[in-house]
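Here the structure comes first, spelled out in C-alpha cells, and everything after it is commentary.
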Amino acid sequence: MEKQSQKKPVSILGIPFENTNQEQFESLLKQRIDHHKNTFVVTANPEIVMYARQNRPYETLIKRADYIIADGIGIIIGAKLLKDPLQERIAGYDLFVSLLEWGSQNHKSAYFVGAKTEVINKLREVVAQKYAGLKIAGTHNGYFGDDRNIINDIRRTQPDMIFVATGYPKQEEFIDKNRQTTDGLWMGIGGSFDVLTGTVKRAPGSWQKMHLEWLYRVVKEPSRISRLSVLPKYLIAVLKERLSGN
C-alpha cells in the first residue's frame, strides 16, 4: 500500500512513529479520504508501546497500520532521549475533532463504534448539532462479541471515516480484522467519545500546554493511578535502548 510521510519514521522500542506535525498529517489524511484510499491510523502512547512489547501479535498487528502517530507526551520524550526527535505530539482527540469539522464542511460520512450505549446515543446528538454537514453513517456501542452486524452495516453504508473508541488492543484488533470492508479512514481513538460528549472532562488548556493531561485524568479518575506504573518502565526501556544503540 502506498505510504507517504514528510520524514523518515522514528523508531521507539521497535514501533515506527510518523515524524510529522498535525497540519501536515491532517492534509495527508484528507487527501487519502478524498481519493478513497484504505487507511489505518494507530494513535499510540507509552501504554500501547509497552503493551506491544509484551504482546508480539499486537506489535505485528499495529505495524501493519499505515501510520502510527505520537499520541502522548511520553512518546515525544522518548524520541528526544533517543536523540531522534519527533516534530510534535498529535493528540488523537484533536485529530478526531478536526476531521469531524472538515467532514462537516465537505459533506463526508462517518461511522462511530465504541463507548457505553448512553454515550454513543449522546454522541449522535452532539455530532448532529456541532457537525451538521457530516452524515452519520451509523453507530454502535463498544460492548459486542460478534462484530458481523456492525461490519455488515459498515459495508452497506460505505462511510468515509470509521472511528473506533473501544480502547487498545480491541480497537486495533477490530480495525485490522475488518478494514477491507470499505475504503476510507479507520482510526482507533480510545476515550474520545466520552470527551466529545462531556461524559469525561478534558484537561484545561493550561494543563494541556504543560503536557500534564495524563496527570489531570489521574486526579479526576484515581482508578487510573495503576496505569502510571507503565511510564517509568517505558522510560527505563527507552534509556536501555539508547545505551545499547539498538
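The values are calculated or read from the model by the stated rules, or taken from the named source; none is laboratory data. All values reported here derive from a predicted model rather than from experimental measurement. Cβ coordinates were reconstructed from backbone atoms using ideal geometry, including for glycine residues, and neighbour counts include every protein chain displayed. The accessibility values were calculated without ligands, DNA or RNA, using every heavy atom of the protein model including side chains. Shrake-Rupley method; radii C 1.70, N 1.55, O 1.52, S 1.80 Å.
Observations on the structure shown:
- Boolean, Pro9 is closer than 22 Å to Ile236 by Cα and out of contact with any helix residue (DSSP H, G or I) (no Cβ under 7 Å at 6 or more places or on another chain): yes
- Single residue of Ile69, Ile12 found to be more than 25 Å from Asn178 (Cα to Cα), buried (at least 19 other Cβ atoms within 10 Å of the Cβ) and β-branched (Val, Ile, Thr): Ile12
- Residue in region 3-21 that is of a type outside the set (S, T, N, Q), in contact with a Gly (Cβ under 8 Å, 6 or more places away or on another chain) and either farther than 25 Å from Asn106 by Cα or without any contact (Cβ under 8 Å) to a residue 12 or more places away in the chain (or both) present: yes
- Verdict on Arg89 being of a type outside the set (Asp, Glu) and out of contact with any Phe, Trp or Tyr (no Cβ under 7 Å at 6 or more places or on another chain): yes
Residue by residue, here is whether (1) at positive phi; (2) not acidic (Asp, Glu) holds:
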{"position": "Lys80", "(1), (2)": "no, yes"}
{"position": "Asp94", "(1), (2)": "no, no"}
{"position": "Gly114", "(1), (2)": "yes, yes"}
{"position": "Glu118", "(1), (2)": "no, no"}
{"position": "Tyr143", "(1), (2)": "no, yes"}
{"position": "Asp147", "(1), (2)": "no, no"}
{"position": "Pro159", "(1), (2)": "no, yes"}
{"position": "Glu173", "(1), (2)": "no, no"}
{"position": "Arg179", "(1), (2)": "no, yes"}
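- Contact annotation: no residue pair with Cβ atoms under 6 Å, 6 or more positions apart or on different chains, pairs a residue in region 100-118 that is free of Cβ contacts under 8 Å to residues at least 24 places away in the same chain with a partner that is hydrophobic (A, V, I, L, M, F, W, C) and assigned to a strand (DSSP E or B).
- Any hit, region 172-185, residues being surrounded by fewer than 15 Cβ atoms within 10 Å (Cβ to Cβ) and either within 14 Å of the chain's Cα centre (by Cα) or closer than 25 Å to Ala52 by Cβ (or both): yes
- Meets criteria (within 14 Å of the chain's Cα centre (by Cα) and under 24 Å from Ile154 (Cα atoms)) for Glu18: no
- Test set (1) in contact (Cβ under 8 Å) with a residue 24 or more places away in the chain; (2) under 24 Å from Val97 (Cβ atoms); (3) open to solvent by 70 Å² or more (accessible area, probe 1.4 Å) - Ala137 fails condition number: (3)
- Cβ pairs under 6 Å, 6+ apart, first in region 158-172 and under 18 Å from Ile136 (Cβ atoms), second among the aromatic types (Phe, Trp, Tyr): Pro159/Tyr111; Ile162/Tyr111; Ile162/Trp186; Phe163/Phe112; Val164/Phe174; Ala165/Phe193
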